[in-house]
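Undergrad: Take this structure, written in structure tokens, and hold onto it; I'll ask about it next.
The values are calculated or read from the model by the stated rules, or taken from the named source; none is laboratory data. Every value quoted in this text rests on a predicted model; they were computed, and no experiment measured them. Here the Cβ is made from the backbone with ideal geometry for all residues, glycine too, and neighbour counts use every protein chain on show.
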């Protein structure tokens, strides 16, 4: 959570530099999930690819995609916000593709303080 927020702050600083005045702003969309995952090299002897799989990875990807639709910089579920003590803006209950039940989503909008 802290690394994501620091990354968003860093983008704000980069966008504020004089050399970026005429360029479109750099933006990031972040979705964070927590839970058990499996990670490691997958593939054949000739071609390994390091990957991470599991429900939290899929949820994070769906939250990241939703962040773009909602023009939010970062989205998390309310259980993560409560566990970390982070105060966020509510984006309501949202259905995530591939999941049976909607989740309560909170986060930071692009114009919100991070």
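Undergrad: Looking at region 9-27, I want the residues that are surrounded by 10 or more Cβ atoms within 10 Å (Cβ to Cβ) and have a partner that is at pLDDT below 90 with Cβ atoms under 6 Å, at least 6 apart or on another chain. Which pairs are those?
TA: Every condition considered, the pairs that remain are 9/114.
Undergrad: Condition first: in a loop (DSSP other than H, G, I, E, B) and either at pLDDT 95 or above or over 22 Å from residue 66 (Cα atoms) (or both). Now tell me which residues in region 33-42 satisfy that. Working first, answer last.
TA: Keep residues of region 33-42 that are in a loop (DSSP other than H, G, I, E, B), which gives 33-37.
Hits for region 33-42 are 36, 37.
Undergrad: Another question, if that's okay. Looking only at region 57-72, how many residues end up being more than 13 Å from residue 90 (Cα to Cα) and in contact with a helix residue (DSSP H, G or I) (Cβ under 9 Å, 6 or more places away or on another chain)?
TA: 0
Undergrad: Mind listing just one residue for me: the one in region 47-69 that is surrounded by fewer than 18 Cβ atoms within 10 Å (Cβ to Cβ) and in a helix (DSSP H, G or I) and, of those, farthest from the chain's Cα centre (by Cα)? Steps first, please.
TA: Quick first cut of region 47-69, residues surrounded by fewer than 18 Cβ atoms within 10 Å (Cβ to Cβ) only: 47-58, 61, 65, 68-69.
With in a helix (DSSP H, G or I) added as a condition, the list becomes 55-58, 61, 65, 68-69.
Details: 55: 14, 56: 11, 57: 10, 58: 11, 61: 7, 65: 8, 68: 10, 69: 13 Å.
The residue in question is 55.
Undergrad: Please enumerate the residues belonging to region 28-46 that are exposed (fewer than 15 other Cβ atoms within 10 Å of the Cβ) and within 16 Å of the chain's Cα centre (by Cα).
TA: Those that are exposed (fewer than 15 other Cβ atoms within 10 Å of the Cβ) and within 16 Å of the chain's Cα centre (by Cα): 28, 35.
Undergrad: Follow-up. Which of the residues belonging to region 77-104 are part of a strand (DSSP E or B) and in contact with a helix residue (DSSP H, G or I) (Cβ under 7 Å, 6 or more places away or on another chain)?
TA: Residues of region 77-104 part of a strand (DSSP E or B): 77, 89-94, 103-104.
Result: 91, 94, 104.
Undergrad: Can you tell me which condition residue 74 does not meet? The list is (1) surrounded by 15 or more Cβ atoms within 10 Å (Cβ to Cβ); (2) out of contact with any strand residue (DSSP E or B) (no Cβ under 6 Å at 6 or more places or on another chain); (3) in contact (Cβ under 8 Å) with a residue 24 or more places away in the chain, and all the others hold.
TA: (2)
Undergrad: Just to be sure I understand, how many residues within region 77-103 are on the phi > 0 side of the Ramachandran plot and either free of Cβ contacts under 8 Å to residues at least 12 places away in the same chain or under 15 Å from the mean Cα position of the chain (by Cα) (or both)?
TA: 1
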